[in-house]
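Take this structure first; my questions come after.
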Amino acid sequence: MPAALAGPLARIKSVLSTISLGQKVVIGLLALGLVLGGFFFFNWITAPTYAPLFSNLAATDASAIVDQLNSSGVSYQLADGGATIMVPKDQVYNLRLTMSGKGLPAQKGTGYALLDQQGITTSQFQQQVTYQRAVEGELAKTLQAIHGVNAAVVHVAMPKDTVFTADQGKPTASVLLDLAAGTKLTGEQVQAVTNLVSSSIQGMSPTDVTVADSQGQVLSAAGSGLTAAAGDVRSQMEQDYGNRLAASAQQILDRVVGPNHAVVSVQANLDLSQKDSTSETYAYNNGTPPVSQSTTSEKYNGTGTAVGGVLGNVSNGTAGSSGGNSTYDKSSSTTNNSVDKTTTTTKDAPGAIKRLTVSVVMDGTVAGNINPQQIQSLVGNAVGLDTTRGDAITVAAMPFDTSAAKQAAADIAAAKKADQQAQMWSLVKTGAIGLGILLVILVVWLRSRRRGEIEEEYEPLELSDDMIQELDRLRIQSTRDDPISSIDRQALELEAAERQRVRGEISAMVSERPDEVAAMLRGWLSESKS
C-alpha cells in the first residue's frame, strides 16, 4: 500500500473503530442518500428537453416522420395519440428543415399554399379548381382548431357565374368531422361550424351547409338548420329558464314548509322566432303654414244666344234657344298642407314566453295546515304566471318517500366515518414513523454527545521522558515474536529495576486516569496494525 494512503486509511479505521453501530448506520444511510441524490440529479441535468417538431399530423405523415427519425438515430416522443412528435429542443429547427427537404409532412401543402404552386401555363379551369381546393383546405384547418375535432374534411360546391341574375345558383358546402373519442358537439358548436363555413364563402347561407360526423350522424342538414342530433339549443334555453323560475319559487316554499318538504317544477315554452314589424303614422298639426297654395278665378260677361234644350229632343222647329246677356263667375283654390309622418320599426327578440306550466308538490305530513290557494298565489307571482296567456299551475299534497334520502344520509355518514378513520390511521402511521425517526436521531445524538463529553474531559497526558521510553519499549516488545537474549545480564537487571520504577508510575497513572491511558493505547494499536 502506498505510504501516502497508509496514514489516512489508518486514521479512518481508527475513527470507525471508535464509533458505535448506530452511528455507522446513520453515516451509511446519509452516504447512500447522497449517492442516489447525485445520480438522479445527474440524470435530470443531462436529460434532453423535448419540444414539438410537428403537431396535428395525419397517421401517414407521422409514420413517415418516425421512420426518418429512427433511421437518423434521433430520440423522440409521441404525444396526443401520435399526432404530435416531440424531439430534443436543440434539434427542432434542423430536423424541420431536414423533413421539409424530404417533403414531410406531405399534407402540409394544403390551403392557400396550393396557390404558390401555379405556373404561367395554368389554365382558368385549373386556377378555379386550385382556388376551391385552397378554400376547402383552409376551412378544414380552421375547423380542426375546435376542441374535440381530430380532423375535418370540407367540400364546397361553387356555381358558375352567369350573366342572368335569375339563373344564378347558390354555393353549398358539406363538412365531415372526425371527433375525438367520447366527444359530442353541442348545438352551439354545430351552429358555430355552419357559421364559420358560410361566412367564409361569398353568397352562402348557414342553411346551405351540411355537417356530419365520422359515425354517419347528420348534425346539420341543408335547408333545415340544426337537426335533432344537435338541435338542443331550444331545449337548453327552455330548461335554463324554467330552472331559474323554479329556483325563485323554491326559495319561498322552503321558508314556508321547510327544506326538502316541497318540490317545484316549471316547464317553459319559448318562442325563438325573430319578428320584424314596421308601422307608419300620419298626423296634422293645426296652425302649421301650408307647403304650397294656389287660387284660380274665371269671369265672363257678354251677349249672345245660349244653347239650350234637351239633348236629342227633335221638334219641327229649331232647338230651344233664348237671347240676351250671359254672365258667369268661376274660382278654385288648392292648398298643400304639411303632414307629420312617423315610421316605427320593431324587432322582437327571440325568447318570448308562449306558455308556462307549473307543478308544486308538498309533503303531506307538513302541508295539512297550509292553504293551497295561498301557495298557488305565491308561486304564481314568483314565476310571473299569466292565465290569459294560457299558463297553468297545479298544487298537490302527498307523502314523500324519504327512504332514498335516509339511505343516502346513512351512506354519507358511513363514508365520512370511514374517511375520518382512514385519516386518523394515516396520522398515526405518519406520527409513528416520525417518532421512530426522532428516537433514532435522539439516541444517536445523545450517544455522540456523551462520547464528545467524555472526549472533552480527556486532557493530554504529561509523561516524562523515562515513561515515554518505557511505553515505547513495551509497545515495540509486544510486536516482536522472539525475546531478546543477546543483552548482558547485568544491564538487563539495571534496566529491570528502572522499568520497575517506571511501571509503578504507569500503574499509578492508569489507576488515576484510566480513560486517557485507554485512548492512547488504542491509538498505538491502530498504528501498529497499519
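With (1) modelled with pLDDT under 80; (2) part of a strand (DSSP E or B); (3) loosely packed, with under 10 Cβ neighbours inside 10 Å as the list, and Thr295 as the residue in question, which single condition is left unmet?
Failing condition for Thr295: (1).
Need the failing condition index for Gly380 against (1) assigned to a helix (DSSP H, G or I); (2) surrounded by fewer than 16 Cβ atoms within 10 Å (Cβ to Cβ); (3) of a type in the set (Gly, Ala, Ser), just the number.
Evaluating Gly380 over (1) assigned to a helix (DSSP H, G or I); (2) surrounded by fewer than 16 Cβ atoms within 10 Å (Cβ to Cβ); (3) of a type in the set (Gly, Ala, Ser) leaves (2) as the failure.
Sticking with this one: Taking helices (runs of 4 or more DSSP H) that fall entirely within the range 1-95, which contain at least 1 residues that are under 30 Å from Val149 (Cβ atoms) and over 27 Å from the mean Cα position of the chain (by Cα)?
On the way: elements: 3-18, 21-46, 59-72.
Counting at least 1 such residues, we get 59-72.
Continuing with the same structure: Among the residues of the range 175-226, how many are over 23 Å from the mean Cα position of the chain (by Cα) and assigned to a strand (DSSP E or B)?
13
The values are calculated or read from the model by the stated rules, or taken from the named source; none is laboratory data. All figures in this text were calculated on a predicted structure; none of them were measured in a lab. No Cβ is skipped: glycine too gets one built from the backbone with ideal geometry, and neighbour counts run over all protein chains shown.
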